[in-house]
Amino acid sequence: MHLDTAAACALIGLVAGWFVPALIAQLPEPAPEPEDTAGKFPDKVPYPELAASPGLAWKSALASAVAAGLLGLELGWVWDLTWLVYLCPVGVALAYVDFRTWYLPTRLLAPSYGVVIVLILVGFALHHDTADLVRAALGWAIAGLVYLALWFFTPGMAYGDVRLSGVLGLLLGHLGWGQLTVGIWLGFTLGGLSWFVLRALRFTTSRSYPAGPFMLLGALVGVLWGGDVWTYLVEHRS
């Protein structure tokens with residue numbers, strides 16, 4: 001347990017998470033839905049209206065602080081924290097927006113790709129760990145292809161989920177095969193199971209649902225415990 005790292009990361013997550021409403025309010029509105037997808041997703045709530053939700057600032061700050069603190073507690077002072085902590089408030093913003101609107105804004109995802117890739121390359125320059133770099137690239141490809149296939153063959157997926165899967169594949173792959181496998185599998189499984197709950201609550205009446213929050217939650221669990229699960233399974237089989 002790395003209590004000093006956890007405290008520092010939680011503080012960063014708390015401060016950054018407080019500004020999630022301001023970040024959401026500045027997002028550009030997406031283009032109108034084409035006719036072939038009309039009715040597939042709920043009516044778009046304007047981003048300023050989402051940002052003005054009562055208590056969103058402290059709720060986002062708390063969620064970001066908890067996620068960042070858990071990462072620091074589990075990982076300690078490692079280079080991966082640079083992009084993992086960055087993604088905590090961004091992930092909270094993505095999860096909230098997707099859950100309310102069923103959209104994952106490219107304006108948040110595109111910079112996240114840049115930040116993660118640049119920091120991974122900086123880490124490679126510092127530590128010269130080719131295996132981590134190759135795993136990150138493979139994680140990007142594997143997660144992206146999995147969700148691309150799901151988007152193509154599954155009516156419930158949107159292309160924003162494919163974009164998000166690439167970011168998650170990068171960071172999970174860089175950490176290890178266990179993190180990648182558990183994180184991607186759990187995100188998909190949680191989403192699939194939650195669809196039944198959302199359908200029962202009449203939150204959705206179609207096969208579509210907001211997958212982003214569950215993908216992000218699965219990735220967080222994968223980072224925290226995916227390596228341990230992988231090690232246990234490999235050792236158990238051997």
*How many residues does segment 1-52 hold that are modelled with pLDDT under 95 and of a type in the set (Gly, Ala, Ser)?*
3
_Residue among Tyr113, Tyr103, Tyr86, Tyr96 that alone is more than 24 Å from Leu11 (Cβ to Cβ), under 18 Å from the mean Cα position of the chain (by Cα) and crowded, with 19+ Cβ neighbours inside 10 Å_ = Tyr103
*Name every residue in segment 58-89 that is among the β-branched types (Val, Ile, Thr), within 19 Å of Gly123 (Cβ to Cβ) and in contact (Cβ under 8 Å) with a residue 24 or more places away in the chain, in order of residue number.*
Thr82, Val85
*asked:* So Ala95 ticks every box in (1) free of Cβ contacts under 8 Å to residues at least 12 places away in the same chain; (2) assigned to a helix (DSSP H, G or I) but one. Which box is left unticked?
replied: (1)
*asked:* For the structure I just gave you, tell me whether Ala65 is over 27 Å from Arg199 (Cα atoms), at pLDDT 95 or above and surrounded by 15 or more Cβ atoms within 10 Å (Cβ to Cβ).
replied: yes
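One line per residue, one yes/no per condition, for (1) over 20 Å from the mean Cα position of the chain (by Cα); (2) of a type in the set (A, V, I, L, M, F, W, C); (3) open to solvent by less than 70 Å² (accessible area, probe 1.4 Å):
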| position | (1), (2), (3) |
| --- | --- |
| His2 | yes, no, no |
| Val15 | no, yes, no |
| Leu73 | no, yes, yes |
| Val78 | no, yes, yes |
| Val90 | no, yes, yes |
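The values are calculated or read from the model by the stated rules, or taken from the named source; none is laboratory data. As the structure is a computational prediction, the values presented were derived from the model and not from experiment. In this analysis, Cβ positions are derived from the backbone assuming ideal geometry, glycine residues included, and neighbour counts consider all displayed protein chains. The accessibility values were calculated without ligands, DNA or RNA, using every heavy atom of the protein model including side chains. Shrake-Rupley method; radii C 1.70, N 1.55, O 1.52, S 1.80 Å.
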